[in-house]
């Protein structure tokens, strides 16, 4: 049955229809509230806490969005199952090896993947939620396996050209920090509300 998330301005018609179901700039006053509502809707039918896979490298300012978010999630809500932090990142070099081990250890859990992404200049600072897997390394033309049942991406930079892969090595930490903080707070609020019901 189709569900219309009018507050987010998008509709969700089931997981078989992959689409962006949430898109807000972190400075929007209702961004956190609507992200909490989106998570509540998508994760309403699960019996156990989801697994959060936060992808990225701690060595690059913009690509640290995933592990920074993972670290903030662990600090804000220690009870969550989180992989990919600043101390133990999940990145291109270990992702293919680690993900199957993690999936086997947490069989049956819904996986929410979190990663940095590139977009248009006007999208910088946008947080997007998709009811589809994450394709890590896509911006760098790397072939890595899809990760997650749902994905949360933060637009941290823009792609200047197909040959340009330097966007992850330069840029401002401002968007990265504020998006990571907002996501961690939204997940925490969602988790607290879920436990009360």
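Is there a residue in the range 66-77 that is touching a strand residue (DSSP E or B) at 6+ places or on another chain (Cβ under 6 Å), surrounded by fewer than 18 Cβ atoms within 10 Å (Cβ to Cβ) and at pLDDT 95 or above?
No; the residues of the range 66-77 include none that is touching a strand residue (DSSP E or B) at 6+ places or on another chain (Cβ under 6 Å), surrounded by fewer than 18 Cβ atoms within 10 Å (Cβ to Cβ) and at pLDDT 95 or above.
Exactly one condition in (1) surrounded by fewer than 20 Cβ atoms within 10 Å (Cβ to Cβ); (2) touching a strand residue (DSSP E or B) at 6+ places or on another chain (Cβ under 9 Å); (3) touching a residue at least 40 places away in the same chain (Cβ under 8 Å) is not met by residue 123; state its number.
Failing condition for residue 123: (3).
Which of (1) modelled with pLDDT under 95; (2) surrounded by fewer than 16 Cβ atoms within 10 Å (Cβ to Cβ) is the odd one out, the single condition residue 12 does not satisfy?
Only one criterion in (1) modelled with pLDDT under 95; (2) surrounded by fewer than 16 Cβ atoms within 10 Å (Cβ to Cβ) is unmet by residue 12, namely (2).
Determine which member of the set 152, 110, 135 is surrounded by fewer than 20 Cβ atoms within 10 Å (Cβ to Cβ) and within 21 Å of residue 48 (Cα to Cα).
110
Residue by residue, here is whether (1) touching a residue at least 12 places away in the same chain (Cβ under 8 Å); (2) within 14 Å of residue 185 (Cβ to Cβ); (3) under 14 Å from the mean Cα position of the chain (by Cα) holds:
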residue	(1), (2), (3)
21	yes, no, yes
30	yes, yes, no
35	yes, yes, yes
78	no, no, no
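The values are calculated or read from the model by the stated rules, or taken from the named source; none is laboratory data. These figures come from a predicted structure and were not determined experimentally. Note that we place each Cβ from the backbone using ideal geometry, even for glycine, and neighbour counts take in every protein chain shown.
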